[in-house]
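What follows is a set of notes on a single structure, which appears directly below.
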Amino acid sequence: MQAIVTIAQITDTHLFANPDRLLRGVCTWQSLQNILSRVKTLQPDVLLLTGDLADLGEPEAYDRLFECISPLQIPTYWLPGNHDNLAAMDDRLNRFPLYADKTFTIGGWQFLLLDSTLETAKFGEGYLSRDTLNYLETALQDSDRPTAIALHHHSLPVGIDWVDTIGVSNAEEFLKIVDRFDRVKLVLCGHVHLECDRRHHRIRFCTTPSTCTQVMPENATERDRDPGFRWFELHPDGTYQTRVIRVRNTTPTIVR
C-alpha cells in the first residue's frame, strides 16, 4: 500500500545576487530562509518551486537559491517565471537535490510542469506555446495516474483587475485540454503573490503566496500580509488535502 505523499509549493522568492538587497523593503533572502525553516520542520517528500525565483534573472541569485535549498536534501523541482532567466536556471539548478525535469511521478501521482513564460511579454503576462500544449495533451493521454499541473501564471481569474491582465493569455486553450481528462485533479501556480482557491468544473486551481511581498485581496486580513507556502497531502487514490501555511513577517509589505 502506497503512503501519503507530501509536497511543499514555494513560489516567487525574487532573490538577488546580493543577499542584502531589498524588494519593496523586504530582504527576500531572509524571508525565504524563514519559510524554509518552517518547511524543514514538516519534512515534505518534494519541494515544488513555481517561478520568479530570481527577481532580475541573475545567475548568482540561483546560486543563492541552491545554497538555501540544498541543505534540506529534499528532491526539488522547479519551473520559470516571467522574472527568471531560463538558461541560467538550467545551468545553476540542475544538480541534486534540484532537478530540471518537467515531469515526475510520486506516490501514484503524475506532475506536469509547464513553462508559461512569454519572451515578448510587455507586462509580465504568460502564454502556453503550441509545443507546450501538445506536450500536455500527450502526457495526459499516455498516463491514467491522478495528475497535478504546475505553471507560473494563473489560468483562472483571481478577482483583482490588474493581476488578471497578466495571467495566461491563451488560458481557454489550456482549459479545453484539461477539461477532457478526469485524471487532472489540481492546477498549481504562483505569480499572483496571494492565496486563491478556485474550481473549474471538477479541477481545483490553487495559487500560493510569495515567500516575500504580497498582493492584498479585497477585504484582506492581517494573515494575508504574511509570506507563506502551500502544503499538499496526496493520496494514491487521487484524493488530496491542501492548505496555505503562513510564516509571520515582522516587516510586512503591501503591494497594491
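Observations
- Qualifying position, being over 16 Å from the mean Cα position of the chain (by Cα) and touching a residue at least 40 places away in the same chain (Cβ under 8 Å), among Thr138, Thr105, Thr132: Thr105
For every residue, the table says whether it meets (1) more than 21 Å from Arg95 (Cβ to Cβ); (2) at pLDDT 95 or above; (3) open to solvent by 30 Å² or more (accessible area, probe 1.4 Å).
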| residue | (1), (2), (3) |
| --- | --- |
| Ile10 | no, yes, no |
| Leu15 | no, yes, no |
| Asn18 | yes, yes, yes |
| Thr28 | yes, yes, no |
| Ser31 | yes, yes, no |
| Pro44 | no, yes, no |
| Leu49 | no, yes, no |
| Ala54 | no, yes, no |
| Glu58 | no, yes, yes |
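- Test: residue in the range 172-182 that is open to solvent by 20 Å² or more (accessible area, probe 1.4 Å) and closer than 17 Å to Ile7 by Cα: no
- Taking the range 90-123 as the range and being small (Gly, Ala, Ser) and buried (at least 18 other Cβ atoms within 10 Å of the Cβ) as the test, the residues that pass are Gly107, Ser116.
- Residues of the range 228-239 that are more than 23 Å from Val192 (Cα to Cα) and either surrounded by 18 or more Cβ atoms within 10 Å (Cβ to Cβ) or not acidic (Asp, Glu) (or both): Leu234, His235, Pro236, Gly238, Thr239.
- Applying the condition of being more than 16 Å from the chain's Cα centre (by Cα) and open to solvent by less than 40 Å² (accessible area, probe 1.4 Å) to the range 141-154 and asking which residue is nearest to Phe232 (Cα to Cα) yields Pro146.
- First in the range 220-244 and β-branched (Val, Ile, Thr), second anywhere and open to solvent by less than 40 Å² (accessible area, probe 1.4 Å), Cβ under 6 Å, 6 or more apart: Thr242/Phe232; Val244/Gly228; Val244/Arg230
- Candidates Val192, Val187: the one that is β-branched (Val, Ile, Thr) and either open to solvent by 60 Å² or more (accessible area, probe 1.4 Å) or farther than 19 Å from His14 by Cβ (or both) is Val187.
- Taking the criterion of being assigned to a helix (DSSP H, G or I), closer than 17 Å to Asn170 by Cα and out of contact with any strand residue (DSSP E or B) (no Cβ under 7 Å at 6 or more places or on another chain), the residues of the range 92-146 that qualify are Arg130, Asp131, Thr132, Leu133, Asn134, Tyr135, Glu137.
- Any hit, the range 174-181, residues being farther than 17 Å from Arg130 by Cα and of a type in the set (A, V, I, L, M, F, W, C): yes
- Ser155 vs. criteria touching a residue at least 40 places away in the same chain (Cβ under 8 Å), touching a helix residue (DSSP H, G or I) at 6+ places or on another chain (Cβ under 6 Å) and closer than 20 Å to Phe123 by Cβ: yes
- Scanning the range 216-230 for residues that are in contact with a helix residue (DSSP H, G or I) (Cβ under 7 Å, 6 or more places away or on another chain) and at pLDDT 95 or above turns up Pro227, Phe229.
- Single condition Val163 does not satisfy, out of (1) open to solvent by 20 Å² or more (accessible area, probe 1.4 Å); (2) over 18 Å from Val184 (Cβ atoms): (1)
The values are calculated or read from the model by the stated rules, or taken from the named source; none is laboratory data. Only a predicted model underlies this, so the values are computations on that prediction, with no experimental measurement involved. Glycine also receives a Cβ, built like all others from the backbone with ideal geometry; neighbour counts cover every protein chain displayed. Note: areas computed on protein heavy atoms with side chains; ligands, DNA, RNA excluded. Shrake-Rupley method; radii C 1.70, N 1.55, O 1.52, S 1.80 Å.
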